[in-house]
Amino acid sequence: MLRKVIPALLIAVALLAACGSGESADDNSGDTNQIGQISGGDADSASSDTTGDDEEAAVRLIVEGFGQRMQNVELLSGEVQSQIRNQYGPFASSDMIEQWLEEPSRAPGREVSSPWPARIEIYTIEPEGEDTYRVHAWVKYVDAEDGPGEASAEQPISLLVSYNGNAWVIVNYATTGAYTPVE
């Protein structure tokens, strides 16, 4: 039963995150994986009464929430490591965070002032083993001239999202094609 209300809770959390709480982009160092924990439920219910649709909804919210944070990670900034921790911590596994901290140039984020990564648009979510999903998507880049829902460029990506016993987290992120201007 608990897992059936999870998508509604996730949507509420995502909406609250999107609206902001008056904090600056770097002022969420106290974040734990709140979104992932809500989507994952407790360990006992993780496999007993979870439907694939509920899991896919949780995975979708993790990936889309992560996509909204990408613009807050300035890869050429002197503060890139703290930005990676603060912005991606609620969405990615500690191993993924550590990989990006060791080599920030491989982390997703904002490389130039414009266009910037604004969102991730998912086109497939496929089960890949127990408690793991492969997500194929586009990172959509926008600039000041783009209207709502528009994009100046896009890049295909693949993510692996797994349930680690108490949260859904991104355990792998890879670009799968070239950054391409949208005409």
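Summary of computed values
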quantity	calculated
Contact order normalised by residue count of region 60-183, Cα under 8 Å, 6+ apart, percent	22 percent
Theoretical gain in end-to-end length, TYR123 to ASP95 [0.36 nm per residue, Cα-Cα removed]	7.5 nm
Highest-first arrangement of 84-96, 152-164, where packing means the average Cβ count within 10 Å	84-96, 152-164
ALA174 versus GLU79: modelled label distance in nm, points set 7 Å from Cα along the beta carbon direction	3.3 nm
As computed over region 42-183, the Cα convex hull volume per residue (Å³)	108 Å³
Convex hull of region 48-87 built on C-alpha atoms - directionally averaged projected area, nm²	3.5 nm²
Taking the C-alpha atoms of region 120-183, convex hull volume expressed per residue in Å³	94 Å³
Among 111-120, 172-181, 57-66, the order from most to least packed when residues are scored by Cβ within 10 Å on average	57-66, 111-120, 172-181
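Throughout, read-outs are computed from the coordinates displayed, never taken from laboratory work. Predicted model, so just to flag it, every value in this text is computed and none were measured. Neighbour counts are summed over all protein chains in view; Cβ atoms, including those assigned to glycine, are modelled from backbone coordinates with ideal geometry.
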